[in-house]
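Below is one structure, written out as structure tokens, with a few remarks after it.
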Amino acid sequence: MTADAINRSFPNIADWIQGSGWIEIGNQEWQGFVLRALGEGGEVIEVEQCKSLGEALVALEEEIPKAES
């Protein structure tokens, strides 16, 4: 997989990061994969209880537009 393919697969995450945000990725034994999208203004979007990294990325991709509206 190339960087361009990742950007095309997850455009909302790519836009978030390119707009001065960042994401944190972790695997917490008691709740599965956790992803957080954080921004300089204190914004936090969190996705928890995912069974895989792929599931967590897809969930975060879907949550970013909801949080921005």
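Computed from the coordinates by the stated procedures, all read-outs in this text should not be read as laboratory data. What you see is a predicted model; the values in this text were computed from it and never measured. Cβ atoms come from the backbone with ideal geometry, glycine included; neighbour counts cover every protein chain shown.
Things to note:
- Being among the charged types (D, E, K, R) and under 13 Å from the mean Cα position of the chain (by Cα) holds for only one residue in 40, 29, 24, and it is 24.
- Any pair with Cβ under 7 angstrom, 6 or more apart, that starts in the stretch 44-59 at a residue that is within 16 Å of residue 10 (Cα to Cα) and ends at one that is of a type in the set (Gly, Ala, Ser): 45/37; 45/67; 47/56; 47/59
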